[in-house]
1. Restricting attention to region 17-34, does a residue exist that is exposed (fewer than 10 other Cβ atoms within 10 Å of the Cβ), at negative phi and part of a helix (DSSP H, G or I)?
2. Which numbered condition trips up residue 121, out of (1) closer than 30 Å to residue 67 by Cα; (2) surrounded by fewer than 11 Cβ atoms within 10 Å (Cβ to Cβ)?
3. Out of the residues in region 42-54 meeting the condition of being of a type outside the set (Ser, Thr, Tyr) and either open to solvent by less than 100 Å² (accessible area, probe 1.4 Å) or in contact with a His (Cβ under 9 Å, 6 or more places away or on another chain) (or both), tell me which one is farthest from residue 15 (Cα to Cα).
4. Of everything in region 40-94 that's under 25 Å from the mean Cα position of the chain (by Cα) and not in a helix (DSSP H, G or I), which residue is nearest to residue 117 (Cα to Cα)?
5. Is there any pair linking a residue in region 127-139 that is in a helix (DSSP H, G or I) to one that is modelled with pLDDT of 75 or more and among the charged types (D, E, K, R), with Cβ under 7 Å and at least six apart or on different chains, and which?
6. Of the conditions (1) more than 24 Å from the chain's Cα centre (by Cα); (2) at pLDDT below 85; (3) more than 19 Å from residue 80 (Cα to Cα), residue 138 satisfies every one except a single condition; which number is it?
7. Please go through region 101-123 and pick out each residue that is farther than 20 Å from residue 80 by Cα and polar (S, T, N, Q).
8. Looking at (1) open to solvent by less than 100 Å² (accessible area, probe 1.4 Å); (2) closer than 30 Å to residue 9 by Cα, which one does residue 134 not meet, given that it meets all the others?
Amino acid sequence: MMDELNDEQIQALLEKGINPATDLFSAAEQEQVDQYSSLFQTLKNEPQYDLPANFASKVSYRIEFKLKRRSDLKFNLFAALGMAAGLIIAYFLLSIIKVEIGNQFLLTVFKFKWLLLIGTMLLIGTLVIDQKVVKQTIA
């Protein structure tokens, strides 16, 4: 009988093609060899998964869609921030010319804040709708 076999030795014996049903092994070793033999047979069988013919194109489309969506979101956010930055820059430029004009501009902005907010939302809504229509036209 052989000395106690470790995993690497059992694997090497099975890779060489030794028959696991030989009398060279003790009962415990025979059980280990049988388990490894069963494991190797299971690993040799590939799973039976059939992917659809357009699987790669679907994956590519989803990745592109997520990237485009993220890009569109960034663009819309920059548009809103650009409008706010434009108002702030206009206030500071008018304040440099004359403080009263800058304050008058600020009071006007606060007076029509809802109109500015609705206008901004309409602009961003138009951008979103335009992006969706363009996406549907391309797709």
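The values are calculated or read from the model by the stated rules, or taken from the named source; none is laboratory data. Since this is a predicted model, take the numbers as computed values, not measurements. No Cβ is skipped: glycine too gets one built from the backbone with ideal geometry, and neighbour counts run over all protein chains shown. All accessible areas refer to the heavy atoms of the entire protein, side chains included, with ligands and DNA or RNA removed. Shrake-Rupley method; radii C 1.70, N 1.55, O 1.52, S 1.80 Å.
1. Just the residues of region 17-34 that are exposed (fewer than 10 other Cβ atoms within 10 Å of the Cβ), to begin with: 17, 23, 27.
Filter again for at negative phi, leaving 23, 27.
Now restrict to residues that are part of a helix (DSSP H, G or I): 27.
So far as region 17-34 goes, yes, one or more of its residues are exposed (fewer than 10 other Cβ atoms within 10 Å of the Cβ), at negative phi and part of a helix (DSSP H, G or I).
2. (2)
3. Restricting attention to region 42-54, the residues satisfying the condition of being of a type outside the set (Ser, Thr, Tyr) are 43-48, 50-54.
Within this subset, residues satisfying the condition of being either open to solvent by less than 100 Å² (accessible area, probe 1.4 Å) or in contact with a His (Cβ under 9 Å, 6 or more places away or on another chain) (or both) are 47, 52, 54.
Values: 47: 22, 52: 35, 54: 38 Å.
Ranking the candidates gives 54 first.
4. From region 40-94, those under 25 Å from the mean Cα position of the chain (by Cα) are 49-79; that's our starting set.
In the following step, the residues that additionally are not in a helix (DSSP H, G or I) were identified as 49-54.
Working: 49: 53, 50: 52, 51: 49, 52: 48, 53: 48, 54: 45 Å.
In this case the residue turns out to be 54.
5. 131/72
6. For residue 138, the failing item is (1).
7. Of all residues in region 101-123, those farther than 20 Å from residue 80 by Cα come to 101-104, 107.
Passing the criteria: 103, 104.
8. (2)
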